[in-house]
Amino acid sequence: MDIAIIGASGYTGGELIRLLLSHSSASVVSATSRKWEGKPVSAVHPHLKGFCDLSFSNPAIDAIDADAAFLAVPHTAAMQYAGALVERGIPTVDLSADYRLPKDVYEAVYGVSHTAWFEAPYGIPELHRDEIRAAPFVANPGCFPTGATLAAAPLATRAHTIIYDSKTGVSGAGDNPSATTHYPNVGDNFTAYKWTTHRHTAEMRMEAARLGSRAACYFTPHLVPANRGILTTAHILLDEPATQEEVEALYASYYRDEYFVRLQKPSLATVRGSNFCDIAVECEGNRVVVVSAIDNLVKGASGQAIQNLNLMTGHREQDGLLGVPLTP
Ligand SMILES: NC(=O)c1ccc[n+]([C@@H]2O[C@H](COP(=O)([O-])OP(=O)(O)OC[C@H]3O[C@@H](n4cnc5c(N)ncnc54)[C@H](OP(=O)(O)O)[C@@H]3O)[C@@H](O)[C@H]2O)c1
């Protein structure tokens, strides 16, 4: 498959190129950037020197010549390109938020008009594999909702309240520097942000409802001085008490066939650079604490996007995603 990455100079774009190097039948032929047009990919992503000899280009969307595409651009940019790719029959995974939510919810949450909306499957393969398989276009989920939803899914129908408390590394904000991501503000520091207003809450609520849950879902993110990774502590309040054995057995059975979900004590280090989501549970009567860890740039973005494209194009789901996590 010849692959085009729209927005290849950003963090998720660089991660797509890195991961696709080990794909059995994908090769990146087009890496777009407006700012870096004509410059070698390795000028922006020096870790890829010797692996990728492409230069960035900036073609019109109709001139993209590829068998499949990733949109790794900010929300509102993706909607300008998605339709043209779909019309030309190019299977596409969108990493932005533009197609994750119903139109009215998207417009309310993001405060913008959606000018090119259509419905797309929500790309958590562990939960929506069949829909993704048949789809020409998939909305890759947000990084927080991926780790949070995988943590809560097995208990979703038994809960009346779910509180997600997440800690994220700084690469979640993309490569554009800001006061928030400035080193003296992040290093040796730990802050909560958007305590009750983070946009990803809408995705978490949408997915809980799709899983048949009537639970009220709440979410507060925190920024930690790490480059990659999201650790989510989900406090799941059940209608009826459960036992540790019962909950462990439930998670083992729910994720029995899921290669990328590992039931073990989660930490950022044990998933770093990989597409794994590690999950562990601890039960205290009506409260179950479920902790999950993902790499925000892999299972939270580019890795999951490749997992989705593999399903859409009939490739083995793990193709390109078998890199071993990098620890310590
Ligand atoms: N970082 C994460 O952990 C993460 C996780 C999940 C999802 N996402 C989502 O994935 C998308 C990319 O995130 P990122 O972190 O890789 O962002 P980023 O580091 O800021 O990179 C954005 C990329 O998009 C390009 N771009 C920006 N505006 C554009 C436009 N109007 N038209 C075409 N290209 C444009 C940029 O290059 P030029 O400006 O040079 O064109 C750059 O290559 C975002 O929607 C983000 O919300 C990110």
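Quick notes on this one:
- For the chain, calculated [θ]222 nm from helices alone, where every DSSP H run of n ≥ 4 adds -39500 (n - 2.57): -7500 deg cm²/dmol
- Share of Cα-Cα pairs in segment 144-296 lying beyond 21 Å, as whole percent: 44
- Rounded to the nearest 10 square angstrom, D239 shows an accessible area of 70 square angstrom against a 1.4 Å probe.
- Counted over all Cα-Cα pairs of the chain, pairs farther apart than 28 Å make up 38 percent.
- Between the helical axis of 244-254 and the longest alpha-carbon principal axis of the chain there is an angle of about 30 degrees.
- For segment 1-90: accessible area per residue (Å², 1.4 Å): 47
- For the chain, a Gaussian network of Cα nodes joined below 10 Å ranks A135, A43, A152 by mean-square fluctuation, and the top entry is A43.
- For the chain, the longest principal axis of the Cα atoms and the long axis of helix 200-210 meet at an angle of about 60 degrees.
- Distance between the 7 Å Cα→Cβ label points at T161 and D2: 5.6 nm.
- Highest-fluctuation residue, S113, S27, S267 considered, GNM on the chain with Cα pairs under 10 Å: S113
- Largest to smallest accessible area among R287, R256 [probe 1.4 Å]: R256, R287
- If R0 is taken as 30 Å, the Cβ-Cβ distance between E119 and R34 corresponds to a FRET efficiency of 0.55.
- With the convex hull constructed from alpha-carbon coordinates only, segment 2-120 shows a mean projected area of 7.4 nm² over all directions.
- Extended-chain gain in nm, criterion 0.36 nm per residue less alpha-carbon gap, A209 and T243: 9.8 nm
- Mean sequence separation of contacting Cα pairs (under 8 Å, at least six apart), scaled by the length of segment 144-296, corresponds to a relative contact order of 32 percent.
- Accessible area per residue (1.4 Å probe, heavy atoms of protein chains only) ranks R272, R316, R129 as R316, R272, R129, with the largest value leading.
- Its alpha carbons give segment 90-209 an Rg and a Dmax of 15.9, 47 Å.
- For the pair Q264 and S24, a Förster radius of 22 Å applied to the C-beta separation gives a FRET efficiency near 0.20, rounded to the nearest 0.05.
- Whole-number Å³ per residue for the convex hull built on Cα positions in segment 1-62: 71
- Point-charge dipole on Cβ atoms (K/R +1, D/E -1) for the chain, about Cα centre, debye to 20: 600
- Model label points for E284 and A63, set 7 angstrom from Cα along the Cα-to-Cβ axis, are 6.0 nm apart.
- Working ranking of peptides 85-95, 293-303 by packing, defined as the average number of other Cβ atoms within 10 Å per residue, highest first, is 293-303, 85-95.
- Remark: segment 132-148, residue by residue, has Karplus-estimated 3J(HN,Hα) of 5, 4, 8, 8, x, 8, 10, 8, 6, x, x, 5, 4, x, 5, x, 5 Hz, where x stands for each Gly or Pro and the curve is 6.51 cos²θ - 1.76 cosθ + 1.60 at θ = phi - 60°.
- Rounded tilt (10° steps) of 78-87 against the dominant C-alpha axis of the chain: 70
- About the Cα centre, charge dipole magnitude for segment 136-284 (Lys/Arg +1, Asp/Glu -1 at Cβ), debye: 500
- Estimated D of segment 210-295 in µm² per second, where Rh is the Kirkwood radius over Cα pairs and Stokes-Einstein applies at 25 °C, 0.890 mPa s: 174
- Remark: accessible surface ordering of H235, H198 (largest first) is H235, H198, probe radius 1.4 Å.
- For the chain, the relative contact order comes to 18 percent (Cα pairs under 8 Å, sequence separation of at least 6).
- At the residue level, I306 shows approximately 0 square angstrom of accessible surface with a 1.4 angstrom probe and all protein chains present.
The values are calculated or read from the model by the stated rules, or taken from the named source; none is laboratory data. The shown structure was predicted, so the numbers you read here are calculated from the model rather than taken from an experiment. Because the Cβ atoms are built from the backbone with ideal geometry, glycine has one as well, and the counts that use them run over all protein chains shown. Side chains are part of the model used for accessible areas, which takes the heavy atoms of the whole protein and leaves out ligands, DNA and RNA. Shrake-Rupley method; radii C 1.70, N 1.55, O 1.52, S 1.80 Å.
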